[in-house]
Amino acid sequence: MSFIAIFFAGAFLCNAMPHLTAGLRGEVFPSPFSTPHGKGPSSPLVNFLWGMLNALIGLALLVHHPFAPGANVDSAALLVGVLVMGAFTSVHFGRVRREGLF
């Protein structure tokens, strides 16, 4: 069952990236703490902190469920976690940008 934890590790690590980069660049970006949630702008500091929390959760999951990279179920689970979160966030934030909410 560790592949489920590794899937979520991939999802959390993928979600950390846009929030960390927006925060480090000093740009506003939607977060769960914005109004409306996930659509309105959040400050760079909020995004940096949210990104760090996501990164720490993803890394903690990998520490508690280590795996050997390679052609195996755990590596596939990590990749699928990244792909699912990446596809979801790209569609979601693309829609938010088109609607001009931030």
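The values are calculated or read from the model by the stated rules, or taken from the named source; none is laboratory data. What you are looking at is a predicted structure, and each value in this text was computed from that prediction instead of being measured. Counting neighbours? That spans all protein chains shown, and the Cβs are built from the backbone with ideal geometry, glycine included. Surface areas here come from the heavy atoms of the whole protein model, side chains and all, with no ligands, DNA or RNA. Shrake-Rupley method; radii C 1.70, N 1.55, O 1.52, S 1.80 Å.
Quick check, is residue 55 out of contact with any Ser or Thr (no Cβ under 9 Å at 6 or more places or on another chain), open to solvent by less than 40 Å² (accessible area, probe 1.4 Å) and hydrophobic (A, V, I, L, M, F, W, C)? Step through it out loud before you land on a result.
Working: out of contact with any Ser or Thr (no Cβ under 9 Å at 6 or more places or on another chain): yes; open to solvent by less than 40 Å² (accessible area, probe 1.4 Å): yes; hydrophobic (A, V, I, L, M, F, W, C): yes.
When the stated conditions are applied, residue 55 passes them.
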State all residues of the stretch 81-100 that are surrounded by 15 or more Cβ atoms within 10 Å (Cβ to Cβ) and farther than 17 Å from residue 54 by Cα; if no residue qualifies, say none.
93, 96
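So which residues in the stretch 28-42 are surrounded by 15 or more Cβ atoms within 10 Å (Cβ to Cβ), at negative phi and not β-branched (Val, Ile, Thr)? Give the steps one after another, and end with the answer.
Step one: filter the stretch 28-42 for residues surrounded by 15 or more Cβ atoms within 10 Å (Cβ to Cβ), giving 28-31, 34, 38-42.
Checking which are at negative phi leaves us with 28-31, 34, 39-42.
Correct list: 29, 30, 31, 34, 39, 40, 41, 42.
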From 1, 17, grab the single residue that is open to solvent by 60 Å² or more (accessible area, probe 1.4 Å), closer than 14 Å to residue 83 by Cα and not small (Gly, Ala, Ser).
17
Where residue 50 falls short, out of the listed (1) of a type outside the set (A, V, I, L, M); (2) assigned to a helix (DSSP H, G or I); (3) more than 21 Å from residue 6 (Cα to Cα); (4) in contact with a His (Cβ under 8 Å, 6 or more places away or on another chain)
(3)
Would you confirm, using the coordinates I've provided, whether residue 66 is touching a residue at least 12 places away in the same chain (Cβ under 8 Å) and either farther than 13 Å from residue 18 by Cβ or open to solvent by 70 Å² or more (accessible area, probe 1.4 Å) (or both)?
no
Only listed residue being touching a Phe, Trp or Tyr at 6+ places or on another chain (Cβ under 9 Å) and at pLDDT 95 or above, chosen from 23, 51, 40
23
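Identify, please: which residue in the stretch 35-47 is in contact (Cβ under 8 Å) with a residue 12 or more places away in the chain and assigned to a loop (DSSP other than H, G, I, E, B) and is, among those, nearest to residue 95 (Cα to Cα)?
So the residue we want is 39.
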Restricting the first residue to the stretch 4-22 and requiring it to be assigned to a helix (DSSP H, G or I), which pairs with a second residue that is acidic (Asp, Glu) meet a Cβ separation below 7 Å and a spacing of at least six or different chains?
6/74
